[in-house]
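Input: a single structure, listed below in C-alpha cells.
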Amino acid sequence: MPANILLVEDEPAIQELIAFNLTQAGHHVMRADTAENAKNIVRNALPDLILLDWMLPGMSGIDFARQLRGDDRTKSIPLIMLTARSDEQDKIVGLDTGADDYITKPFSPRELQARIKAVLRRRAPQATDDPVEIKGLRLDPVTHRVTGNGEPLDLGPTEFRLLHFFMTHAERVHSRAHLLDQVWGDHVFVEERTVDVHIRRLRSSLEGTGHDGLIQTVRGSGYRLSAN
C-alpha cells in the first residue's frame, strides 16, 4: 500500500535519487532539506514514515528525532535514520534517540524498500498491503475486499479504513480524536461525534456475519476491536 513518506535530506542528488525510487515504488514523497522545513511539513500533516538524515544544516537529524519523540503528536511516527556514519556507537545513539531503524549510506534502493516495509509492518501495519484476519473476519487492502466467514461484506470507504485500522491495532483502546487523526487524517476538522456515526455504520455492515460484536465501546475512553 502506498505510504506518505517525509524525506529529510540536504544533499540534492541523494534526495532526488531516493525520492525517485520511492515514487517508482508507489509511495508519495514529501521533501525537506532542513529540520525546520520538515517541522513545517509535519505541522500540517503527519506522514506515515520519516526518512531522516543524521547530518543536516542547522538542527541535526538526531536533535530533530528527539523533538519528534518528545511530542505526543509525533512520537509514534515510524522513523528511519539515514547516515554515512557506520560506527557502532553512532548506531546506538540513533536507536536510543527513538529511531526504528538505521541505514548506512551508500545503500541500494532494494535495501531501503525492505527496511521501509519492515518498519511499516511493525509500527504502522495499516500502511501495508498485508491482509489481516481476526475470528473469520478478513480484510484485504489490495483488493479492498472484506469477508466474514467467507461471505463478502459491503463497507463504505471510511468504514473500510476504520476497520483496517482497528484490525491492525486490535485490543488497543482508541479515543475519538485519535481515530480522527489516524483514519480521517491529521488536521482534518471533523466533529468527534462523526466517529460514532461511522462506528454504527461499521457495526451494521458486520451484523450479517456476527462480527459486529468485535467493535467494543469503552466507556469514557473510546473504542477497540477485541480479538479475544
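The values are calculated or read from the model by the stated rules, or taken from the named source; none is laboratory data. Remember, predicted model here, so these are calculated numbers, not experimental data. Cβ: placed from backbone, ideal geometry, glycine included. Neighbour counts: every protein chain shown.
For the reader, a short list of remarks on this structure follows.
- Qualifying residue in the stretch 165-174 (condition: β-branched (Val, Ile, Thr) and under 21 Å from residue 45 (Cα atoms)): no
- Of the residues screened, residue 92 is not one that is of a type in the set (A, V, I, L, M, F, W, C) and surrounded by 14 or more Cβ atoms within 10 Å (Cβ to Cβ).
Per-residue answers, yes or no, for (1) of a type outside the set (Gly, Ala, Ser); (2) over 19 Å from the mean Cα position of the chain (by Cα); (3) under 19 Å from residue 55 (Cα atoms); (4) outside the structural domain of residue 118 (by TED's automatic domain parsing):
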{"site": "9", "(1), (2), (3), (4)": "yes, yes, yes, no"}
{"site": "14", "(1), (2), (3), (4)": "yes, yes, yes, no"}
{"site": "17", "(1), (2), (3), (4)": "yes, yes, yes, no"}
{"site": "23", "(1), (2), (3), (4)": "yes, no, no, no"}
{"site": "26", "(1), (2), (3), (4)": "no, no, no, no"}
{"site": "31", "(1), (2), (3), (4)": "yes, no, yes, no"}
{"site": "34", "(1), (2), (3), (4)": "yes, yes, yes, no"}
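- Residue check for residue 116: touching a residue at least 24 places away in the same chain (Cβ under 8 Å), more than 23 Å from residue 28 (Cα to Cα) and either not in a loop (DSSP other than H, G, I, E, B) or not assigned by TED's automatic domain parsing to the domain that holds residue 218 (or both): no
- The stretch 139-182, residues that are in a helix (DSSP H, G or I) and acidic (Asp, Glu): 159, 181
- Residues that are in contact with a Lys or Arg (Cβ under 9 Å, 6 or more places away or on another chain), closer than 17 Å to residue 149 by Cα and surrounded by fewer than 13 Cβ atoms within 10 Å (Cβ to Cβ) within the stretch 200-226 comprise just one, 213.
- Checked against (1) in contact (Cβ under 8 Å) with a residue 40 or more places away in the chain; (2) buried (at least 20 other Cβ atoms within 10 Å of the Cβ), residue 164 meets all criteria but (1).
- Only residues that are assigned to a helix (DSSP H, G or I), surrounded by fewer than 19 Cβ atoms within 10 Å (Cβ to Cβ) and among the polar types (S, T, N, Q) were counted in the stretch 1-43, giving 5.
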